[in-house]
Structures are given as C-alpha cells and as structure tokens.
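K.L.:
Here it is, the structure in full.
Read-outs throughout are calculated quantities, based only on the coordinates presented, and are distinct from any laboratory measurement. Note that the structure is a prediction, hence the values are computed from the model and not measured. Because the Cβ atoms are built from the backbone with ideal geometry, glycine has one as well, and the counts that use them run over all protein chains shown.
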Amino acid sequence: MSDTADRQALISAIAEETDRLTDQLIGLRRAIHAYPELGFGEVETAKRVCAAFDQAQIPYRSGVGGTGVIGLVAGRATGPGKTVGIRGDMDCLPIQEESGVPFASTRPGLMHACGHDVHTTIAVGTGLVLNALNDRFPGQAVLFLQPAEESLGGAQAMIADGALDDPPLDHVLGYHNWPPLDAGTVGWHPAVSFSASDGIDVVIKGTSGHAAHPHLAIDAITAAGLFVTQIQSVVSREVPPLSPAVLSFGTIQGGTARNQLPDQVVLTGTLRTQDEAVQDRIHAAIARHLDGLKTSLRIDYDLVIDRRTPVLRNDAATLARAVAAARDTLGADQVIELPQGTMGGEDFAEFTRRVPGAHLRLGAKIPGLDTMIHRSNYDCNEQAIAVGVRVMSLAAIDLMRGDTA
C-alpha cells in the first residue's frame, strides 16, 4: 500500500471510530455540563473521565495535581515511537447559566461558560480513538485531564506532581473552542496563541474621616480613581504601538457609608502582554504611578503582581504537523490562519514552555446565537467534539510516528 493510500486509510479509520463514539461523547459532554465544578474541585468530572478509561481498559493515574487525571495509550506498531501529550481542561466558572439548553447547569452560580466540558470530552475521545487504533502507531499518547485552568494554577499543580516526568514528552497538543469560528473549522496562529496573564492586586491606604471634612482625612477613593485613569496612559504612551498590552481592573472595593471617607480601597485586575520586556516595563510603571500618588496625595499602598501564566508560543515544527493533520482531516479551506493571537491567558503555556507544543482553536459557532466564552448565554456547537477528536488523533499519530509536515 502506498504512503498516500495508507494515510487515507488512517484518516478514514479515525473518522469511522470517531463517528462510532460521537453519541457517547456528546452524552459525556452533557453530563459534565450539567454538573460543573470549580478548579481543584472537579471530583465528579474526574470520576466520569476515569469511568470512560476503565471501560476502554486505558490505564490512568488520578489525583494528579489535586483532581487531575492522566491516561496512557501505548502504541503496538513496531519501530521507534515518540511520546505525545494531549491536554484537556475540566473546570467551570462561577457564572449563573442563562443558555436555556436542556442539559444546563444544575448547580446555581456555576457554569461551563468556557467549554471545558467539551475540552474534557475531546481529550477522552482522542484517547478512546487512539486506543482502538493502537496497532497503527508506535510510541505512546499521554492524556492530561487538567484541573483549574480558569484560576491558572492547574497546569503548574500537575507538573509539580510529576505529570511531565513519567513518561517524558516529545510533543504536546492543546486546543480551545472558539465561538467566532464556524463549526467544522480549525484556526491557528504561527507564533503567539495566548498572552501572558498577570494578576494585579493594589491596596490604596488613606486615613478615614467625615465626608464633610476631607482636609482632616487622606482620601483613598480619590487616589484610587486617579490611579485607575492614569495607569491607562502606560499602555497608550509607554508601550510600543505594535506591542499588544491590556491592563484592566475588574474590581474596586472601598467604603461603607456615603458620608465617610474609608481607610482603604482595594483594586484587583489583570495585565495581558505578549512580550516579556513590555511586561516588565508595565510592572515598573504601575509601581511608579503608585509612588507618585504616595507623594502627591499622601496615601500609602500595597502592590502584589502575580505572574500567573506565561505567553503561549507554538513550536514551529509541532504546529506544522498539527496544521497539516487538520488540513488532511477537514480540507485545506476549513483550516484558517488567524491574523493574531488572543489577549486571553491559557495555562497550557506551562506545558509548552517545557515541551515543544502546538495549540489550535476549534470552530464552535452556533448559527443564530450571539455569544462568546465567559458569557452566561454561552453554548458550544457540539460538532467541535468530533472535529477535535479527529484532528487531535491524526496529529498525535503523526507526531508519534515522527512524521514531518
């Protein structure tokens, strides 16, 4: 059989096995969706993953990094083979679901608003397909079901628990559903896929007093307002215009009465960057602005900057193989080079900073539904499950075989 015929036979076998599993996988996704769990609390989700691996007789370790699960599929083909990781995240968000789907969250205030139920299902499905076709490849596939992506701590927790040590990886693959892209498509970017994400915590300290006598107090609220508005000039005037950066404060808390100036105001926010030099420059500027307010308005402050996750950069060779697998699976016209990465953070970057990796975005648009990840009306087109399983399975086999694009 020619190489071309062999490859077409492999693609067909993956498609047939995925089709056979699709109803089961959709059922798994909906069960996970109906019972969402926050980071490091994915107990029932992990049990469902383990049950699927048990049924397929896929060996696994549970409790990795807290609630993580690692499955292992060994190839039975002769010859040298590589070890390839496939990662899916499991946690939900603290959002009240307003999607109206019949399998909506049964847990008030919790929702799979980012599609990690779909990501978990794709990782499990890829494992099931590879297990069924393990006579077609050497090497081994490692399935990482990761907790706590939303808090950007789950990847580090699994790695600290030895996830990358036994067995060591040659490549790692990741993915994320993407509502702006049509279902049945795959998007990719040649360099940065996701940005670095830092947590910014600021406590501005004043002296409390009566609102009628501000001269006898030190007004933390006025200082906080000036800080929030002034700090935006750092992005617009100190960062090169072609270097992406977003500095946003999501919470501001201070005061208990309309006629009293509070002792302090607490602000929390995030910084997103795609360049380490820009990241360092903004960190320094935040402290400099606070020092200025300390001098001009007599406040004091506490500042904590938490470098939560690094930039997610694709490895060129791994990405080329993954994109080629997507094109061969779906057709070249369904694989889209995206003009830019996203300013969102993704702790899959903890894997790719240690192992050559690639990250794809899976089209998840539902016709007629205006939504995006992290919205209360979010839903993911379930066509992304089969697409993700087929693309990840072929890409993993190609990488295990050592094929080049």
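K.L.:
Which residues does the label zone of His210 cover in segment 255-275, counting backbone N under 20 Å from a point 7 Å along Cα→Cβ?
P.N.:
255-264
K.L.:
Mind checking the alpha-carbon convex hull of segment 45-200 and giving the volume per residue in Å³?
P.N.:
Convex hull volume per residue, Cα atoms: 159 Å³.
K.L.:
What is the fewest-to-most order of Trp178, Trp188 by other Cβ atoms lying within 10 Å of their Cβ?
P.N.:
Fewest-to-most ranking of Trp178, Trp188: Trp188, Trp178.
K.L.:
Which log10 I(q)/I(0) values does the chain give at q = 0.11 Å⁻¹ under the Debye formula, counting every alpha carbon as one identical point scatterer?
P.N.:
Relative scattering, expressed as log10 I(q)/I(0), comes to -0.81.
K.L.:
Calculate the spin-label point distance for Ala332 paired with Ala317, positioning each point 7 Å from the Cα along the beta-carbon direction, and give it in nanometres.
P.N.:
It is 2.5 nm.
K.L.:
Moving to a separate point now. Order of His215, His210, His33 from fewest to most other C-beta atoms within 10 Å?
P.N.:
Starting with the residue having the fewest Cβ neighbours, the order is His215, His210, His33.
K.L.:
When the Debye formula is applied to the Cα atoms of segment 200-309, each taken as the same point scatterer, what base-10 log of I(q)/I(0) results at q = 0.11, 0.22 Å⁻¹?
P.N.:
-0.37, -1.15
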